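Contents: one structure, followed by commentary.
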Amino acid sequence: MHGSTTELILVAVCALLLPGCAVKATPRQKPLETTKVDTGAGSLQATRRALEGTWTLVSLDVIESGVPRRVPAKGTLTYDAYGNMRIEGRIENDAARTPTLLEYTGRIVIDTTRKQFYPADLVAGKPVDGATLAPVSPDKARRYELTSDTLIVTYMDAASNATAIANWRRVAS
């Protein structure tokens, strides 16, 4: 008898609570206000589309005491439609005869007004060697100049001083 009393109480409680759950879905009184996405020249969408694809490193200059010095380097930059950037490259280290790898991947945030992009969550494939990679480390803000087939990226320190300049050329698809 105890089992049927418990079941009876459970059914009664459910019968009392269920009508409160029945909410009639109604359309919103007002539609959400939105604006059209700007896709014109210089817009975020246009910049993302222009960056999208694969780029090869043409040259890398490290700026030391205000003077650029060419560094022998090779690399590939890939940017996808979702804001993700991947850089795979290497800097030839003459003294050690061992290449230093440039491996970064993650999202970037683009500021089209200032023509800069910032790492949102770029991570290095290995710990950054401060002596070798500090000028191009993933924490740097970057200024960009973009044409249909060239991308010039200027890496900047916290005081907005240039630390390195990378010249990229679009890889034909």
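Find out how many positive minus negative residues lie around Ala73, taking Lys and Arg as positive, Asp and Glu as negative, among other residues whose Cβ is under 11 Å from that of Ala73. Residues close to Ala73 contribute a combined charge of +1.
Local charge sum around Arg86 (other residues, Cβ-Cβ under 10 Å, Lys/Arg +1, Asp/Glu -1)? Before the final figure, lay out each step's value.
Values: positive: none; negative: Asp80, Glu88, Glu103.
Result for the neighbourhood of Arg86: -3.
In the calculated pair-distance distribution of region 44-170, the portion above 25 angstrom amounts to 17 percent of the Cα-Cα pairs.
Look at the alpha carbon pairs under 8 Å that are at least 6 residues apart: their mean separation over the length of region 44-170 gives a relative contact order of 23 percent.
Close amide H partners of Val171, meaning residues 5 or more places away or on another chain with modelled amide H under 5 Å apart, are Thr54, Trp55, Thr56.
Coordinate-derived values only; no laboratory data. The model shown is predicted, which means the values in this text are computed figures rather than measured ones. Neighbour counts are summed over all protein chains in view; Cβ atoms, including those assigned to glycine, are modelled from backbone coordinates with ideal geometry.
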